[in-house]
1. Of Ala146, Tyr316, Val178, which is farthest along the charge dipole of the chain in the positive direction, counting Lys and Arg as +1 and Asp and Glu as -1 at C-beta?
2. Compare Gly155, Gly214, Gly71 in a GNM of the chain, Cα atoms joined below 10 Å, and give the one with the largest fluctuation.
3. Amide H of Ile84: which non-local residues (sequence gap of 5 or more, or other chain) have their own amide H closer than 5 Å, using H built in the peptide plane?
4. How large are Rg and Dmax for the stretch 79-132 when only the alpha carbon atoms are used, in Å?
5. Just want to confirm a number: the relative contact order over the stretch 245-359, from Cα pairs under 8 angstrom separated by 6+ residues, in percent.
6. Sticking with the crude label model, points 7 Å out along Cα→Cβ, report the distance from Lys225 to Asp186 in nm, one decimal please.
7. Residue separation times 0.36 nm, minus the C-alpha to C-alpha distance between Asp136 and Asn112: what's the value?
8. Based only on other Cβ atoms within 10 Å, what is the fewest-to-most ordering of Tyr92, Tyr312?
Amino acid sequence: MKNLGKPMVILTLLLAFALGGCSQQQNPGDAGSEESGQEEPSQTPGEVAFGFSAGFTGDMAPWAEAIHKGGLVAIDEINATGGILGKKVVVYTEDNKSVVEGSVQAATKLVNVNKVSVIIGPESDPIMALADFAVDNKVPIISSSAGTSALDEAGGKGRYLYRTNTGDSFIGICEAKVAKDALGFDKAVILHENTEGSTSAAEAFQQNFTRFGGTILDTVVLSSKQSTYSSELKKAFSTKPPFVYFSTGQVVANIALKEIYQKGETAKILGTTELQNDDLIKATKNASIGLLSIHVVEKEDSQGWTRFSELYQKKYQEKPMAGYYQSNTYDAVILAALAMEAAQDTSGAAVDNYLTQVSGPPGVKVYSFEEGVKELRAGNDIDYEGASGPVDFNEFGNVSAPAVAIMEVNDQLHWVDKEVLDSSNFPAK
């Protein structure tokens, strides 16, 4: 994977446009929001409406625009090949503000006003708040970035929740293997924010680090919206840990990492995926040097990734960023569209009923919407292999990962890859 530093500068600039009004297929920055002051109409009878909900503001802001752009590549591809069942796809986009309340508001508008059949994008805290909503409204909600272990057995057919990214439970295995085996640490302290996503990641790491023979010296919780974490950090570092697992959102990290640096602590810190962005580096500067993180990576020589990369570069004149959930979002949109084609029905209930049937074996392996439609119309079952790799949903709507990369902030203040590890041999649970 290439250095993420330069692409994130572009994302930061694009966020200025993320909250403008939109309705139908749109430019990547035209995210619909309540600030527009207008209620957007639902789709016409000749259209199929998809919803997109992500945190264009709040902790997920550094990621939302990248994720959004990946989804729009898929929308373009579908419409360029005739749409779904001959109908044009339109997309309505809402800012969920990276919080539960915003997610509920966004989903309610997308379903009740825009009449969408499926919602793509909600992150960990937001998607779990929509579990009952999804079932009650028969609208599948497919995340491309939610890591929370609360989703491990909460989704799947009939429950209307899915994710095309790897969850915290498996990421926790990878992080623990990296800390224990690749980095060689036997003892650790855990620092985590008191949110669903951060707590989930911390619990997964703790379970697996001790499972692999490591010792947790202490676990310290950081409450959101504090101006300082001096007392919490004093407690955490009182045991002189050689290694710290750090699981927080952007705002808390900006404060805590600077305070750790000011205290002169030398422990190696492994942060969660959410912290892999240039906004963190800009806010913390030298305090971020040496910060480690891991992320699931696509196999960049795979047919699915190569094809997606070409489409993305053609649309945006820049390369997609492996590990930034762009390919996962693309796959979520394509899979929902293929499910509609397989069902010959564009309702949310049809997507839920057919999503697992088009995503994995048995069937003819396909790498695009067009290939999938061709095989379905020929009467064949299909096995979609996406830009992010195989997207074989298990009974709970979860997928696994082929490889992970260890990243580090270097002294030039850029995230760089240190090593890529084959995760196919890691224990599944």
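1. Value: Val178.
2. In the Gaussian network model the winner is Gly214.
3. Val89
4. 12.9, 37
5. Details: 98 pairs, mean separation 19.4, N = 115.
In percent, rounded to a whole number, it is 17.
6. Label at Lys225, label at Asp186, 4.4 nm between them.
7. On the way: separation 24, 0.36 × 24 = 8.64 nm, distance 1.24 nm.
Answer, rounded to one decimal: 7.4 nm.
8. Working: Tyr92 28, Tyr312 22.
Listing Tyr92, Tyr312 from fewest to most nearby Cβ atoms yields Tyr312, Tyr92.
A short reminder: the numbers here are calculations on the coordinates, not readings from a lab. These numbers come from a predicted model, not from an experiment. Note that each Cβ is placed from the backbone with ideal geometry, even for glycine, and that neighbours are counted across all protein chains shown.
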